[in-house]
Amino acid sequence: MLAADGAFLADGRFAALPPVPWTLLAEGFRRAVLDFLVKNEALADELRKRMLAWRHSGFSVHNAVRVPAEDAEGRKKLAGYMLRAPMSLEKMTYDAATGTVIYRSKMHAGLKRNFQVFPFKTPRDAA
């Protein structure tokens, strides 16, 4: 999400607020998502309650990047970065014979390889 960190005053000027602690944002986001899932019957309320008690929530927030109001180019760059795909389609290939997707990237130091193989199931296969 890209959000303004302030509000417009009656005279049209924008008043920036101090940074909100990331822990507060992450907790608010976690509660909003879980509440949404319960409201839409995609998650039982009892499970939501148990998940809220987890030590590690699985949610995170990064709010260290701040773009000044007058930096139009900075806003464009930040929004463009946010819109980019997390994975490159050019680096993926599908092997119909094995039913797998292969993703190639830079050499991973820990794995000592530059690819990952994923099983691929179509919606028809899952049924």
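The values are calculated or read from the model by the stated rules, or taken from the named source; none is laboratory data. Please read these numbers as outputs of a predicted model, since none were measured by experiment. Cβ sites come from the backbone with ideal geometry, for glycine too, and all protein chains shown count toward neighbours. Side chains are part of the model used for accessible areas, which takes the heavy atoms of the whole protein and leaves out ligands, DNA and RNA. Shrake-Rupley method; radii C 1.70, N 1.55, O 1.52, S 1.80 Å.
Compactness of the stretch 1-50 is given as radius of gyration and Dmax, 16.0, 48 Å, from Cα positions. Largest accessible area first, the listed residues ARG66, ARG55 line up as ARG55, ARG66 when surface is computed with a 1.4 Å probe on the assembled protein chains. Computed on the chain, with alpha-carbon pairs under 8 angstrom and 6+ residues apart, the relative contact order is 13 percent. Computed from phi, the 3J(HN,Hα) profile of the stretch 71-80 under the Karplus parametrisation 6.51, -1.76, 1.60 (θ = phi - 60°) reads 9, 4, 5, x, 5, 4, 5, 5, 5, x Hz, with x in place of Gly and Pro. Between 0 and 90 degrees, the angle of helix 22-39 with respect to the longest Cα principal axis of the chain falls at about 70 degrees. Taking amide H atoms as placed 1.01 Å from N in the peptide plane, the amide H of GLY6 lies under 5 Å from those of LEU17, each 5 or more residues away in sequence or on another chain. The 3J(HN,Hα) values that the Karplus relation (6.51, -1.76, 1.60; θ = phi - 60°) gives for the stretch 53-65 are, in residue order, 8, 4, 5, 10, 6, x, 10, 9, 9, 10, 10, 7, 8 Hz. Gly and Pro appear as x. With a simple spin-label model that places each label point 7 Å from the Cα along the Cα-to-Cβ direction, the separation between SER88 and PHE36 comes to 3.0 nm.
Per-residue extension of 0.36 nm, minus the Cα-Cα distance of GLU73 and THR100, leaves a gain of 5.6 nm for this segment. Computed with the Debye formula from one identical point scatterer per Cα of the chain, without solvent, the log10 of I(q)/I(0) at q = 0.12, 0.23 Å⁻¹ comes to -0.87, -1.19.
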